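The values are calculated or read from the model by the stated rules, or taken from the named source; none is laboratory data. Since the structure is predicted, the reported quantities are computational estimates derived from the model, not experimental observations. Cβ coordinates were reconstructed from backbone atoms using ideal geometry, including for glycine residues, and neighbour counts include every protein chain displayed. Note: areas computed on protein heavy atoms with side chains; ligands, DNA, RNA excluded. Shrake-Rupley method; radii C 1.70, N 1.55, O 1.52, S 1.80 Å.
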Amino acid sequence: MVDGLTYEVNPDGASVALVGWHGTAPTGDLSIPSQVTSGADTYTVTALKSLGGGGGIH
């Protein structure tokens, strides 16, 4: 999770998909970064992934 948004590492291990958020759903314009960092790893954001249920991208 980065800045309240949840990402999933893609099978290539070098990029991620935005899969949802933590807590209350964002409102208004959502700025999605082109890259996110987790620990020492930096990933390129390449996709938005639709998940069923709450807290996902719909």
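Within the chain, DSSP assigns beta bridges of which about 70% are antiparallel (rounded to the nearest 5).
Remark: the chain carries 66 Å² of accessible area per residue (probe radius 1.4 Å; ligands, DNA and RNA excluded). Per-residue Karplus couplings for the range 4-11, computed as 6.51 cos²θ - 1.76 cosθ + 1.60 with θ equal to phi - 60°, are listed in order as x, 9, 10, 10, 10, 5, 6, x Hz, Gly and Pro entered as x. Building the convex hull from the alpha-carbon atoms of the chain and averaging its projection over directions returns 4.1 nm².
Calculated FRET efficiency, residue 30 to residue 10, Cβ-Cβ distance, R0 = 35 Å: about 0.95 to the nearest 0.05.
Under 15 Å from the Cβ of residue 44, count the other residues' Cβ atoms, weight Lys and Arg +1, Asp and Glu -1, and hand me the total. Net charge around residue 44: -2. Here the accessible area of the chain is 51 percent carbon and sulfur, with a 1.4 angstrom probe and all protein chains present.
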